[in-house]
Every structure is written in C-alpha cells, then in structure tokens.
1. Counting only the heavy atoms of the protein chains, how much of residue 135 is accessible to a 1.4 Å probe, in Å² to the nearest 10?
2. On the accessible surface of the chain, probed at 1.4 Å, how many percent belong to carbon and sulfur atoms?
3. Each residue of the range 50-59 in turn: what ³J(HN,Hα) in whole Hz from Karplus with 6.51, -1.76, 1.60 and θ = phi - 60°, glycine and Pro shown as x?
4. Would you calculate a helix-derived [θ] at 222 nm for the chain, using -39,500 (n - 2.57) for each DSSP H run of n ≥ 4 and dividing by the full residue count, to the nearest 500?
5. So how do 86, 129 rank on accessible area, 1.4 Å probe, biggest first, that is with the largest at the start?
6. Under a 5 Å amide H to amide H cut-off, with H placed in plane at 1.01 Å, what residues pair with residue 136 once short-range neighbours are removed?
7. Could you give the dipole magnitude of the range 25-114 about its Cα centre, charging the beta-carbon of Lys and Arg +1 and that of Asp and Glu -1, in debye to the nearest 20?
8. Enter the accessible area of residue 88 (Å², nearest 10), with the probe set to 1.4 Å and all protein chains included.
Amino acid sequence: MSLTYDPHEAVAHVSAADPRLASIIESVGPLTIESRGTAFQTLGRAIFFQQLAGPAARAIMGRTLKVLETDEERWYAPEEFLAAKEEDLRGAGLSRQKLVYLQDLSSKFASGELSNDDFPHLDDEEVIEKASSVKGIGRWTAEMYLMFSLGRPDVLPVDDLGVRRGMQITYDLSDMPKPAEMREIAEPWRPYRSAGTWYMWRALGIDVPEQGRGYKEEKDLA
C-alpha cells in the first residue's frame, strides 16, 4: 500500500512549521517511506524480529518459512501456519513464546477476527487497538504498521527511543524528552507527524527501525 499523503507536501509543511526540523531535512534530503506489506505479514514479521538482532531474526524467519514451504515474498496463509507441526516450527528456532504469538496472530486472521482488508478503513487508534489484541504486539509495533504499511501521515511514536534521541539532539535538550514534551515539540508538524518522526530517526543516521525490534521492546502479553 502506498502513502495516503503527498510526501512533498508533508516535507514542505513541516519545514515551514519548524526551523530546527527544516535544517535536518536540508541535510538528509527527501522523505522516503516504503510500504512493508499486508497486516498479517507485517505483524508476523514484527514478532520474528522482537528482541533479536537482525541477522538472528532473519535466520529464524528464513528457516520457519522453509518449514512452511514458502518465502518472504509470498509469505504464508494463516491456515498454513496453524496446520504446521509445532515440533517443526520449534526446530526452526522459534521460541515457545513466539510460537504462541504467531499462532494467536494466525488464529485471529484465520477466524476473520482480524482481516487485511479491514485495517485500511479504520482510524489510527482503532488500528492500534486491533493490532494490539494479538499476543506480543504492543502499541509501538502497531504504530510502525500505521507508518510503514498503511502509510498514515500523523503518527508520533512517543515510546520510540530513536525519536526521543533525535529530538534531544535536534532541539538541544539536556535530557531525552518525555511523551508530553515530545507531543509539544511535534505539535507544529501536524497533520504530518509521520514525516517529522522519520526525520528524527534520520537525524541519528538511522534509516528506519526494524519492526518488532528497533528502538522499543514490546511488552510481554503472553
């Protein structure tokens, strides 16, 4: 899915609204946010990457996809995951906890409780509520899904360590800002806080966080 807003318009707006951010934009260059796939694939991938270094997570995900006789491009259907033998999935390197999370995700999509087609029609808070109903998925992962898969324009992940550090550097703060201060700083960015968020990561030299890992570890919902 493509962005639901014009990135050039977003950059022009936040540049005009915030001189400090404008200097970051001038240094970094154009806003480039790329889509990351369906809700089922994106949330599943997030679970694989939780609390693991990228290479380790990719290796486990690759072995799991091989067990399911598929690959990252095609992914797998919820029913295929639920039909797989647990010992084969555990043998691919999935922890018992992540197996439970991925089973819960697959069960909710297989039953129709969650649907790829529904998410684009929900507002941001409804998306977060729906995504967070899955074991192991918290608000941060849902916000990354909003930004990078649904292409929503006005997301500010106040729990993200990278955004907090980016704001501390950009605005010469003595400490990393708390959520209330972050919202105050980002108020002029509305309705394009996603753009400002992206540039806070880039202020640190970071491309984008890995969903499910990155700069905020999810709460344990098991």
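The values are calculated or read from the model by the stated rules, or taken from the named source; none is laboratory data. Note that this is a predicted model, so its numbers are computed, not measured. With ideal geometry, Cβ positions are generated from the backbone for all residues, glycine too; neighbour counts draw on all protein chains shown. Surface areas here come from the heavy atoms of the whole protein model, side chains and all, with no ligands, DNA or RNA. Shrake-Rupley method; radii C 1.70, N 1.55, O 1.52, S 1.80 Å.
1. Surface accessible to solvent at residue 135 totals approximately 80 Å².
2. On the way: 5050 of 10520 Å².
The value for the chain is 48 percent carbon and sulfur by accessible area.
3. Karplus values, whole Hz, x for Gly and Pro: 4, 6, 10, 5, x, x, 5, 5, 5, 5.
4. One gets -16000 deg cm²/dmol as the mean residue ellipticity at 222 nm.
5. My answer, sorted largest first, is 129, 86.
6. Those qualifying (amide H under 5 Å, at least 5 residues apart or on another chain) are 221, 222.
7. Values: 11 positive and 13 negative charges, 60 e Å.
Rounded to the nearest 20 debye, it is 280 debye.
8. Probe radius 1.4 Å; accessible area of residue 88 about 70 Å².
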